[in-house]
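Read the structure below first, then the notes.
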Amino acid sequence: MASAMAGIEALKGTHQQLKSKMESTVEDFRGHLLSARTGRANVHMLDQIKVDYYGTDTPVAQMGQVSTPEPTLILVQPYDMGMVSAIEKAIRTSSAGLNPMTDGKVIRVPVPPMTEERRKDVVKQLNKVLEDHKTAIRNIRRDGNDQIKKAAKDKLISADDEKRANEEVQQLTDVEIKRVEDLFKAKEKEILTV
């Protein structure tokens, strides 16, 4: 949609800035959904798990080759063999509920079938993540409205421009919140389907 804010000199970059911030929030939520456990092995299940690598929290995927040779197994082949036990410990202590095994070179992470209770727990965790991301989108809206209010206060835009710009920011917010809710509903259905 064409932005009315883009035609107003004082608000030229505001719309694009808000849109890109909201889209990055949606992409972050999509990343959380990919890493959610569904009962089937997925290399993204380890995306949110971080390993202390010489003082830096590093994602497991950056520590080694992650693959799924079969539907119920994730295989991690660390690049640095000295980090095998640290990766194993990070996976075991994460909230993913996985129990990795190692032979000293490769970490095998069996993905057991999920119980009904575990499925509901995963959906509950994702619902909390959804609410956090919706709050982040609303905070971005608030920042945009503050920029518009400041431009109006400084007499850079008219009252009509301020009203139109605020409506446009609200429309953008509604669209992005609907996107994260739709993503959540699809993932919830996937998780709860046995």
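The values are calculated or read from the model by the stated rules, or taken from the named source; none is laboratory data. Just so we're clear, the structure is a prediction, and the values are computed from it rather than from any experiment. Every residue, glycine as well, gets a Cβ built from its backbone with ideal geometry; the counts of neighbours run over all protein chains shown. Surface areas here come from the heavy atoms of the whole protein model, side chains and all, with no ligands, DNA or RNA. Shrake-Rupley method; radii C 1.70, N 1.55, O 1.52, S 1.80 Å.
For region 67-83, 3J(HN,Hα) computed residue by residue from phi via the Karplus equation (6.51, -1.76, 1.60; θ = phi - 60°) reads 9, 10, x, 8, x, 10, 9, 10, 10, 10, 10, x, 6, 10, 4, x, 9 Hz, glycine and proline entered as x. Amide hydrogen proximity for residue 51: with H placed 1.01 Å from N in the peptide plane, the residues at 5 or more positions away or on another chain lying under 5 Å are 58, 60.
Dipole of region 43-127 computed with +1 at Lys/Arg Cβ and -1 at Asp/Glu Cβ about the Cα centre; of 64, 94, 79, farthest Cα towards the positive end is 94.
For region 136-194, a simple Cβ point-charge model (Lys and Arg +1, Asp and Glu -1, everything else neutral) yields a dipole of about 140 debye relative to the Cα centre.
Note that region 95-108 has calculated 3J(HN,Hα) couplings of 7, 6, x, 10, 10, x, 10, 9, 10, x, 10, 10, 9, 9 Hz, one per residue in order, obtained from phi through the Karplus relation 6.51 cos²θ - 1.76 cosθ + 1.60 (θ = phi - 60°); glycine and proline are x.
Legend: calculated FRET efficiency, residue 132 to residue 53, from the Cβ-Cβ distance at R0 = 22 Å, rounded to 0.05, equals 0.25. Its DSSP H runs of at least 4 residues, each contributing -39,500 (n - 2.57), put the calculated 222 nm mean residue ellipticity of the chain at -19500 deg cm²/dmol, to the nearest 500.
Couplings 3J(HN,Hα) for region 47-52, derived from phi with the Karplus relation 6.51 cos²θ - 1.76 cosθ + 1.60 (θ = phi - 60°), are 4, 8, 8, 10, 10, 6 Hz, where x marks Gly and Pro.
In loop segments of region 68-109 as defined by DSSP, the trypsin sites (Lys or Arg not before Pro) with at most 10 further C-beta atoms inside 10 Å of their C-beta are 105. Among the chymotrypsin sites (Phe, Trp or Tyr not before Pro) in region 1-80, those placed in a DSSP loop whose Cβ has at most 14 other Cβ atoms within 10 Å are 54, 79. Averaged per residue, region 59-194 has 58 square angstrom of accessible surface, using a 1.4 angstrom probe with ligands and nucleic acids left out.
Going 7 Å from the Cα of residue 77 in the Cα-to-Cβ direction, what parts of region 94-113 have a backbone nitrogen less than 17 Å from that spot? Counting only backbone N, you get 102-109. Determine the dipole magnitude for region 51-144: charges of +1 sit on the beta-carbon of Lys and Arg, -1 on that of Asp and Glu, nothing else is charged, the reference point is the Cα centre, and the result goes in debye to the nearest 20. Value, rounded to 20: 420 debye. From the Cα gyration tensor of region 87-194, with a ≥ b ≥ c the square roots of its eigenvalues, which class applies: rounded if a/c is under 1.5, or else prolate if a/b is larger than b/c, or else oblate? Cα axes put region 87-194 in the prolate bin.
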